[in-house]
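See below for the structure under consideration.
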Amino acid sequence: MPRRCIASINLNAIKKNYLYAKSLSPNAKAIAIVKANAYGHGAIKVASHLEDCADCYGVACTEEAIELRNSGIDKTPILLMEGVFEVSEVKLIEKYNLIVTVCNSKQLQWLLDNQFNKSVDVFVKYDSGMGRLGFQGEEFINAINLLEESEKIGQITLMTHFSSADDLNSTSTNEQISNFDKTLYSKKYSTSLANSAAIMSLSESHREYTRPGIMLYGSSPFPKKTFLNKLTPAMTLSSVLISIKSFKVGQSIGYGCRYICKQDTLIGVVAIGYADGYPRSAEDGTPVYINGVKSKIAGRVSMDMITIDLTGVPNPQIGDCVELFGENISIDEVAEHCSTISYEIFTKITNRVYKSYV
Ligand SMILES: Cc1ncc(COP(=O)(O)O)c(C=O)c1O
């Protein structure tokens, strides 16, 4: 592998984070969210590694669920968190033994109209304030009643999703909980409310099922890295120095001449760019880690390369390993410098990056 641009993924860290999520809500079952290829970490690898402890997996669509089932994950329940997108998929629920979310009247009708050989378990989604998927008001009650009357339906669980659980100053999470509980149905059925932020900050939201996502991968759901020390980063993204050159004060570096050397500067080129998923929005000063010290980006991210300031880096050499985030640099810190969130960086890492599993 000549271009050593590598995402090294520590599966034990993911397991540790999953068990930590479970320890925070010991009476709940935790649905490990492995949609979007396990937030870029490799859904089959992650789910296979969690097989001895996972209560359930959460995916976005039937394609993701089938990929897991075809890889040999055949016992652990899999939840389709957005339900099915067209009627032709309904038959896959039974074939692949999936739990389906019902978010709207169309999905409800498709389910009720289908002939199943055995009953299917469903999650019914309530829009308690997220303003995205789910039934509102009376429609929710009607949906539950219709599902309850149907012999095709097995266990019913009620689900809602928070809009602002990552904002500890927001009152909206508590408002959503009370909206949800007002339906009274939350007393009769199992329920699922909490994402990572709520698991880590709000025990009232834990209920029968939690849905940890980003915390499994060792990134904080909170903007200011609160509680991060309890999570173990699972992915280390690294590449190598491929050029080292001196520049005089006033010389410019990279596209658009964005970075101007304030003094004579040693600049290194690293073999990673936005075509690998490293954000083009990374500003000057975004941290990287090389030879035991932090260094920073100097100049605009290119398609295949970035440029870094090697001032203070001990004995830099072509071939030295440069960490973009992971063990030494928090992805949350990088995300802040790129005006984005870790979720987006993780899920945008491209196939050109070699994944190695520890
Ligand atoms: C419905 C639902 N539940 C749970 C999660 C997991 O959220 P987080 O990654 O913030 O823990 C997501 C993520 O997008 C989601 O859409």
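What follows draws every value from the coordinates through simple rules; no lab data is involved. Nothing here was measured: the structure is a model prediction, and the numbers come from that model. Heads up, the Cβs are rebuilt from the backbone with ideal geometry, glycines too, and the neighbour counts pull from every protein chain shown.
A few notes on this one:
- Largest first and in whole Å, the equivalent-ellipsoid semi-axes of the range 11-218 read 25, 23, 13, each the square root of five times a Cα gyration tensor eigenvalue.
- Net +/- balance of residues flanking ASN10 in space, Cβ distance below 13 Å, scoring K and R +1, D and E -1: +3
- At an R0 of 25 angstrom, the distance between the Cβ atoms of ASP181 and ALA60 translates into a FRET efficiency of 0.40.
- When the C-alpha to C-alpha distance is required to be over 20 Å, the pairs from LYS75/LYS355; LYS29/LYS75; LYS106/LYS152; LYS35/LYS224; LYS95/LYS125 that qualify are LYS75/LYS355; LYS35/LYS224; LYS95/LYS125.
- Summing Lys and Arg as +1 and Asp and Glu as -1 over all other residues whose Cβ lies under 12 Å from the Cβ of PHE180 gives a net charge of 0.
- Length added when fully stretched, SER119-LEU266, from 0.36 nm per residue minus Cα-Cα: 46.3 nm
- Backbone geometry of the range 48-58 corresponds, through the Karplus equation with coefficients 6.51, -1.76 and 1.60 at θ = phi - 60°, to 3J(HN,Hα) couplings of 4, 6, 8, 3, 7, 9, 6, 7, 5, 10, x Hz, x marking Gly and Pro.
- Part-to-part distance (alpha-carbon centres) for the range 301-346 and the range 28-102, which is given in Å: 32
- Springs join every pair of Cα atoms under 10 Å in this Gaussian network model of the chain, and among MET200, MET81, MET130 the largest mean-square fluctuation is at MET130.
- Global form of the range 1-64, assessed from the alpha-carbon gyration tensor, a/c cut-off 1.5: oblate
- Label point at LYS355 placed 7 Å out along Cα→Cβ; residues across the range 1-22 whose backbone nitrogen lies under 20 Å: 1-19
- Report summary: the helix-based calculation at 222 nm, which adds -39500 (n - 2.57) for every DSSP H run with n ≥ 4 and divides by the residues of the chain, gives -7500 deg cm²/dmol.
- Listed by chain and number, the lysines placed with their C-alpha closer than 21 angstrom to that of LYS245 are LYS262, LYS294, LYS296; residues fewer than eight positions away on the same chain are left out.
- The mean sequence separation of alpha-carbon pairs under 8 Å and at least six residues apart, normalised by the residue count of the chain, gives a relative contact order of 18 percent.
- Across the range 282-299, computed HN-Hα scalar couplings (Karplus, 6.51 cos²θ - 1.76 cosθ + 1.60, θ = phi - 60°) run 4, 8, 4, x, 4, x, 9, 10, 8, 6, x, 9, 7, 10, 9, 5, 10, x Hz from first to last residue, x flagging Gly and Pro.
- Distance distribution note for the range 2-115: the fraction of Cα pairs above 16 angstrom is 61%.
- MET303-GLN251 FRET efficiency (beta carbon distance; Förster radius 30 Å; 0.05 resolution): 0.85
- Whole-Hz Karplus values for the range 10-15 come out as 9, 5, 5, 5, 5, 5 Hz, taken residue by residue from phi with 6.51 cos²θ - 1.76 cosθ + 1.60 and θ = phi - 60°; glycine and proline positions read x.
- Label-to-label distance, nm, for residues given as LYS95 and SER48 (7 Å Cα→Cβ offset): 2.4
- The chain: C-alpha gyration tensor shape, a/c 1.5 cut-off, then a/b vs b/c: prolate
- With neighbour counts taken as other beta-carbon atoms within 10 Å, the residues ARG207, ARG258, ARG132 rank, fewest first, as ARG132, ARG258, ARG207.
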